[in-house]
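Following: one structure in structure tokens, then a few remarks.
Here, each number is a calculation from the coordinates, and none is a lab measurement. In this text, all values refer to a predicted model and were calculated from it rather than measured experimentally. Glycine gets a Cβ as well: all are built from the backbone with ideal geometry, and neighbour counts include every protein chain shown.
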Amino acid sequence: MSISLTPEELRAITGATRTSGQTHATITGIASLEAAEAGDLSFLGNAKYRTAVPSSRASLILLPEDYEGSEPGEGQCYFFVKNPSAALASICSRIEQSLWPKPQAGVHPTAVVEAGAEIDPTATVGPLCVVEEGARIGARTHLQAQVFVGAGAQVGDDCWLMPHSAVSAQCTLGNRVRLHPGAVIGADGFGYEFVEGRHEKIPQVGTVVLEDDVEVGANSTIDRARFSQTRVGEGTKIDNLVQVGHNVVIGKHCILCSQVGIAGSATLEDYVILGGQVGVSGHLRIGKAAKAGGQAGVIADVEPGAFISGYPAMPHRLASRLQVLQRRLPDLFKRVDQLEQQLAQT
Amino acid sequence: MSISLTPEELRAITGATRTSGQTHATITGIASLEAAEAGDLSFLGNAKYRTAVPSSRASLILLPEDYEGSEPGEGQCYFFVKNPSAALASICSRIEQSLWPKPQAGVHPTAVVEAGAEIDPTATVGPLCVVEEGARIGARTHLQAQVFVGAGAQVGDDCWLMPHSAVSAQCTLGNRVRLHPGAVIGADGFGYEFVEGRHEKIPQVGTVVLEDDVEVGANSTIDRARFSQTRVGEGTKIDNLVQVGHNVVIGKHCILCSQVGIAGSATLEDYVILGGQVGVSGHLRIGKAAKAGGQAGVIADVEPGAFISGYPAMPHRLASRLQVLQRRLPDLFKRVDQLEQQLAQT
Amino acid sequence: MSISLTPEELRAITGATRTSGQTHATITGIASLEAAEAGDLSFLGNAKYRTAVPSSRASLILLPEDYEGSEPGEGQCYFFVKNPSAALASICSRIEQSLWPKPQAGVHPTAVVEAGAEIDPTATVGPLCVVEEGARIGARTHLQAQVFVGAGAQVGDDCWLMPHSAVSAQCTLGNRVRLHPGAVIGADGFGYEFVEGRHEKIPQVGTVVLEDDVEVGANSTIDRARFSQTRVGEGTKIDNLVQVGHNVVIGKHCILCSQVGIAGSATLEDYVILGGQVGVSGHLRIGKAAKAGGQAGVIADVEPGAFISGYPAMPHRLASRLQVLQRRLPDLFKRVDQLEQQLAQT
């Protein structure tokens, strides 16, 4: 991150109501209270860390308005704000704009746009992108570099497709969709029929639909349906290296952590949360707002609101209890040995 | 999928022997009996769903010749065919051809083909591909876009390498091999020697050989051998995000589901099937037609024909039995408590 | 691998002190003693395989100087060397140079280098690479083909970035860093706040720092920090399809095997080794030189030097013991049944 903000700029961004102390440092980094050095900005986001404020070496600290308990050191400044976390978010948004400035609209001369593709005049098609025939790129959408958009694919407005991401033929992205580098939307589903000792491919001629505000992580893969659609609901966020099989239907506002794998034709209702490396078998239904802990192996339908973990996945409380009892197995075996001996003696 | 087929065209494709009812709708989608809307085609692939036929809103339904039990509704048509699933497959194949029309032979002007690379005149090298020196691309093979083929690599006939797939130097692909987007063939094996507190790289100078009809999923990775070859046998199908380590030998007609990981120098005999997220330790042998359930952790050799699951992987029947008994652990602990109390009282 | 080395060249490379027998074969492959064919070179790397020497069909065999027990066959030659493994390594290094010859310095005419990017004159920017404004590429560094380096990113000296790898804006790579095909450095961390039923994105404005001699495998992903840095220590080696979350700090000389996933803000001290498919929860600390077996689920801090495995991860000895006891559960249930019956009869 290349930050360079003066205390005055930061006061304007954060709307600090009051300041204490003075720093001449230009702020060039953000760090936790403990890790911060001179030149860094820090913040008290949670009252339980307040004892870390006095010893922090940060040049500038965002504090809640009711903070008491220390005075700024030499060359250090406190900013008092309504909500330090929100103030920090404002600063981060500002930095974000400088990290990724709005790109100029237009098609880079090295991009390959086939005949019959429609690029909105406000969209940006960056260097070395390929947009095949009949594809449509919406308003203000940004194809950053080396992106692939296949024939007839539809990309909505205000999307951001990062380097090496790919949208296969005929797939559809809503508005404000983000594809991180290497994400693959619409590769073939994994379907074969076993005929005379060989796996014969079942054509995969459906598509993928990502609704508005979906985000897909780096190198994640979402397969096209056999026919019909693989669908990811509005506002769902998918982390890196996640696999979504063909014909899967994911509801709105779900969270899929890294390396999750969802087998074909499973259904996730809205607000489902899957921890890292969770596996979901094919054709299952995960109820609304259900949660699965990391590495859970889900091999049966899950009730709405349930919290499951373990392999095979079971209610988390049961899983936790079984884990405790398993660790007591050596003792249990001994106790049964003793019982047998005692009984033999009676 | 952008389908647009008239009932007349569909009758010709499916060879329907008889029809009932009439629709004027152009068919623009395929869906299950329950999900279908006007304009969709549906089908009765399995007799157990026959009760869903009368209420289906599909404009056109493929039915077995002996179907009885309902008449088509207003604006709906039944097609009677020998095998509805086979008829559907014919339709899907037709759609597939329009989804991915045969590309024109030749090298796109934006592709970079180094001196000494041999491109068959019937092959297609799409936009922004790189083919390094000494590589050979076979007849009718299609490098779609932004594909990388390294120095001296050999790609056979009728292959399809999709966007952002990569074949590293000196690797070999047989005929009819498909690489989905982002697949990486021939990255270095993961081999180091620990020398004086540092991991020194062991050169990985072998190759990867993919035999005929191998398919590799999106963003899967198959590492080159230390020396000699990492090899994937004829007809083996590999799903997305799968890792195959260096010097692994995979037999013919295996199935590796998504996110499987196979450590170095393991051997899979023919017809092995590994479920999603299965892990196989290095230097193991998995016998012919053995199957491993999802998330299994294979840490020992597996007998031909075995069906294993769990961690560490064990015969599936044993794993299932242990899962049942584990859930009865709370009860078992109570029973042992009671036995001890009883015995203390006698 | 395309080897073509004469026995004379190999004698020079290996510094063989003595030879026995004679071969006219040009060596075109390397294989184990058992797998080798005429034209191959083989070697006795470990004394326990010495009985495989007499029957090996290799044209040339590297043997330790004190080897006794067989004479070379017709058209076969033995080379006696101080250390056959070291001699083989010398040969492999030679082959490596021919596999990946030193590229010519300079920027390929099809690469897109934005204004304000600094490319060292000894660096190579290969075909169809993109280097955004303000990025810096160090001496002798090689961007092979179709690589992406974002705005303001810093790539050190003697690095090798392979096809389709990506370094996002402002990230920093030290010297001698290798990114394998499809590796993604600096995608957004996975951070959201749940506000009024929607997941609002938390800006991810930090960076990633890869120190000297780090190697990142094919299609692995390392996320940028929320603010501050995600950091990978000197000499750490990361295999394929590994996920490293935002704000993770990895020490020096660690080994992360394929498909490992490390959640946000976890810390790995130096010399940690994680087996394939290991998952590490967020905010944990893994002590120096700790090891985790394949598929371990690490959900608590780990002591330095510990060896853990299983789910949830526990000391490996305990995990092994519990596995043994679990397999004896059917028997234990029977024994408790019998105890109950016996006690009922007394």
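Numbers below:
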item: Sites residue C:120 and residue B:196 - FRET efficiency at Förster radius 35 Å, r taken between beta-carbons, to 0.05; result: 0.70
item: Under-5 Å amide H pairs with residue B:230, H placed in peptide plane, nonlocal only; result: B:207, B:208, B:209, B:225, B:247
item: Directionally averaged projected area (convex hull, Cα atoms, the range C:1-150), nm²; result: 11.1
item: Share of alpha-carbon pairs per 20 Å distance bin for chain C, given as whole %; result: 25, 38, 30, 6, 1
item: Set of the range C:1-40 residues, backbone N closer than 19 Å to the point 7 Å along the Cα-Cβ line of residue C:50; result: C:17-21, C:33-34
item: Label zone at residue C:320 (point 7 Å along Cα-to-Cβ), backbone N below 19 Å, the range B:295-313; result: B:297-301, B:311-313
item: Lys pairs, chain A - Cα-Cα below 19 angstrom, 8 or more residues apart or on other chains; result: 6
item: Part-to-part distance (alpha-carbon centres) for the range B:1-27 and the range B:119-148, which is given in Å; result: 38
item: Along principal axes, Cα extents of the range A:106-256, largest first, whole Å; result: 52, 34, 23
item: Two-site label geometry, residue A:307 and residue B:102: point separation in nm, points 7 Å out along Cα→Cβ; result: 6.0
item: Three semi-axes of the equivalent ellipsoid, the protein assembly as shown, Cα gyration tensor, whole Å, largest first; result: 40, 39, 39
item: Inter-copy separations for residue A:51, label at 7 Å along Cα-Cβ, nm, ascending; result: 6.6, 6.7
item: Within a Gaussian network of chain C (alpha carbon springs, distance under 10 Å), most fluctuating of C:96, C:211, C:132; result: C:96
item: Relative frequency of Cα-Cα separations exceeding 19 Å in the range B:261-346, percent; result: 47
item: The range A:44-74 versus the range C:279-318: alpha-carbon centroid distance in Å; result: 35
item: GNM flexibility winner over chain A from A:57, A:136, A:231 (Cα, springs under 10 Å); result: A:57
item: Relative contact order, percent, chain C [alpha-carbon distance under 8 Å, six or more residues apart]; result: 6
item: Rounded to 5, percent antiparallel among DSSP beta bridges of the range B:7-99; result: 30
item: Estimated inter-spin distance, residue B:337 and residue B:20, nm [label 7 Å along Cα→Cβ]; result: 6.5
item: Residues residue C:70 and residue C:300, FRET efficiency given R0 of 60 Å [Cβ-Cβ distance, rounded to 0.05]; result: 0.60
item: Choice from A:268, A:128, A:60 with maximal GNM fluctuation in chain A (Cα, 10 Å cutoff); result: A:60
